[in-house]
Amino acid sequence: MEPPPPQSPRDEHPHTHSHSSTSIPTTGTCCKCGGATTHAPPSQSPTSWPDLSSPPAYRPIRAPALNLPPNNTQAIILTPVPQSQEVPTITPPFHFQIPSKKITSPDDIRKFHDSPTSKNFLGFIVALSESIRGRKISDPCHESATVSNIVFIIENLSLWVDQIPPVQQSSRYGNISYRTWHERLTENAKSFMLQFLPEDLKSSTIEIVPYFTDSFGNSSRIDYGTGHETNFAAWLYCLARMGIIKEEDYQAVVARVFVKYLDLMRKLQLVYCLEPAGSHGVWGLDDYHFLPFIFGSSQLIDHKYMKPKSIHNEDILDNFSSEYMYLSCIGFIKKVKKGPFAEHSPLLDDISAVPNWKKVNSGMLKMYKAEVLEKVPIMQHFLFGWLIKWE
């Protein structure tokens with residue numbers, strides 16, 4: 001005779017309760033057969049049920065790229081693409097003055113953006129972008145003595161970082177050695193300017209030095225962001241207003257000067273752990289920079305092989321980051337941020353789906369106007385003097 005089959009756990013205890021067929025309200029279900037029962041359900045917490053697996057990890061639905069009001073993204077899309085403008089050069093008599101802050105409210109922002117000064121400054125940035133269109137960083141270009149001087153100055157600033165090492169401290173961000181570096185910058189800024197200013201423009205140091213010293217971060221907060229980067233562009237714009245930088249210099253201004261500036265800022269960010277100033281966080285474009293995405297996307301317009309989606313190809317990043325700023329930015333972000341790219345840089349990941357670089361470039365220009373030049377928290381630190389007028 002065969003032994004009886006083993007009892008299942010369900011059969012170990014007799015199923016003795018009765019199922020209600022009356023109108024008595026039920027308060028639970030039978031854990032063995034699933035039918036309604038008059039017995040109250042167990043009082044233990046669901047999290048203590050041994051037979052249940054833990055709930056799946058919660059993954060939120062992706063928020064819109066950029067932390068913006070819902071209608072602002074549409075407004076950016078509908079905005080016309082900014083156009084390049086010729087920078088008007090100053091003529092004597094000169095009235096250089098100490099620049100000061102003027103923007104404190106959205107009304108001030110509107111006044112600034114309705115002014116010829118604002119349109120011409122943005123037009124200057126567009127002109128710089130167009131000068132590098134379809135060109136590699138290493139491509140030969142006209143390099144004036146002024147451009148060479150500025151490159152030499154930035155190389156000096158980079159050497160100072162090696163001479164002023166970071167101190168050991170407990171906090172992650174903001175190494176206080178940066179303040180020593182910035183103090184040396186402030187002390188030497190005027191003499192740097194005098195290296196390339198002609199005699200009749202040497203008095204301009206009173207106005208252009210503040211833009212320069214505020215281009216490399218804030219020494220009190222030990223931070224850096226797109227506002228400081230905009231100050232560097234404003235300093236270059238002042239030089240163009242004075243005729244020291246000419247249109248034939250624009251390609252070198254981007255490929256030589258700005259590339260050196262970008263290298264220096266990355267060095268400062270890594271060595272002194274500069275905190276991002278006013279970053280959008282995960283939904284922003286980048287913690288520190290914006291302009292290299294404008295210039296870098298212009299470089300890649302009509303490239304035969306590289307498309308916006310090429311940023312996901314590690315071989316392309318490894319082989320071409322030294323020639324194209326956009327790829328260099330992506331490579332740097334992947335170096336300093338951990339985890340999937342789509343999670344820590346969702347906006348850049350979205351942009352990689354755009355069909356061509358021309359659309360990327362025009363979108364970047366519109367976004368720069370809306371997300372940098374039209375933001376009070378950034379532009380409240382912007383300076384106005386005689387070269388960049390508050391009108």
Lys pairs under 26 Å by Cα in region 256-337, provided they are eight or more residues apart or on distinct chains:
14
Can you give the accessible area of residue 110 in Å² (nearest 10), computed on protein heavy atoms with a 1.4 Å probe?
130 Å²
Once the in-chain neighbours fewer than 8 apart are removed, the lysines whose Cα is under 24 Å from residue 119 read 101, 102, 111, 246, 358, 359, 366, 369, 375, 389
Taking the alpha-carbon centroid of each part, what is the distance from region 321-377 to region 140-176 in angstrom?
24 Å
Which trypsin sites (Lys or Arg not before Pro) in region 135-198 sit in a loop by DSSP (not H, G, I, E or B) and have at most 10 other Cβ atoms within 10 Å of their own Cβ?
172
From a point 7 Å beyond the Cα of residue 319 in the direction of its Cβ, which residues of region 114-145 have a backbone N at a distance under 20 Å?
134-139
Gain upon complete extension [residue 145, residue 195; 0.36 nm per residue less C-alpha separation]
17.0 nm
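Taking the convex hull of the alpha carbon atoms in region 131-201, what volume per residue do you get, in Å³? List each step's numbers first, then the result.
Working: hull volume 10.8 nm³, N = 71.
Expressed per residue, the convex hull around the Cα atoms of region 131-201 is 152 Å³.
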Using a 7 Å offset from the Cα along the Cα-to-Cβ direction at both residue 184 and residue 94, what is the distance between the two label points in nm, to one decimal?
2.9 nm
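From the P(r) of region 103-384, can you give the percent of Cα pairs sitting at distances over 32 Å?
Values: 8730 of 39621 pairs.
Counting every Cα pair in region 103-384, those more than 32 Å apart make up 22 percent.
Relative contact order for region 178-336 using alpha-carbon pairs under 8 Å, separation at least 6, rounded to a whole percent?
Details: 125 pairs, mean separation 28.3, N = 159.
Reported as a whole number, the value is 18 percent.
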With θ set to phi - 60°, apply the Karplus curve 6.51 cos²θ - 1.76 cosθ + 1.60 along region 262-268 and write out the HN-Hα couplings as whole Hz, x wherever there is a Gly or Pro.
4, 4, 5, 5, 5, 5, 4
Dipole moment magnitude, nearest 20 debye, region 103-384 about Cα centre, only Lys, Arg, Asp, Glu C-beta charged:
380 debye
Given the C-alpha centroids of region 231-268 and region 178-203, what is the distance between them in whole angstrom?
15 Å
Under a 1.4 Å probe, what is the accessible area of region 103-384 per residue, stated in Å²?
40 Å²
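Charges only on Cβ, +1 for Lys and Arg, -1 for Asp and Glu: so what's the dipole of region 163-319 about the Cα centre, in debye to the nearest 20? List each step's numbers first, then the result.
Details: 15 positive and 19 negative charges, 39 e Å.
My answer is approximately 180 debye.
Quick check: at a probe of 1.4 Å, how many percent of the accessible area of region 103-384 sits on carbon and sulfur atoms?
On the way: 5870 of 11330 Å².
So the carbon and sulfur contribution to the accessible surface is 52 percent.
The values are calculated or read from the model by the stated rules, or taken from the named source; none is laboratory data. As the structure is a computational prediction, the values presented were derived from the model and not from experiment. Heads up, the Cβs are rebuilt from the backbone with ideal geometry, glycines too, and the neighbour counts pull from every protein chain shown. Quick note on the areas: whole protein, heavy atoms, side chains included, nothing else; ligands and nucleic acids left out. Shrake-Rupley method; radii C 1.70, N 1.55, O 1.52, S 1.80 Å.
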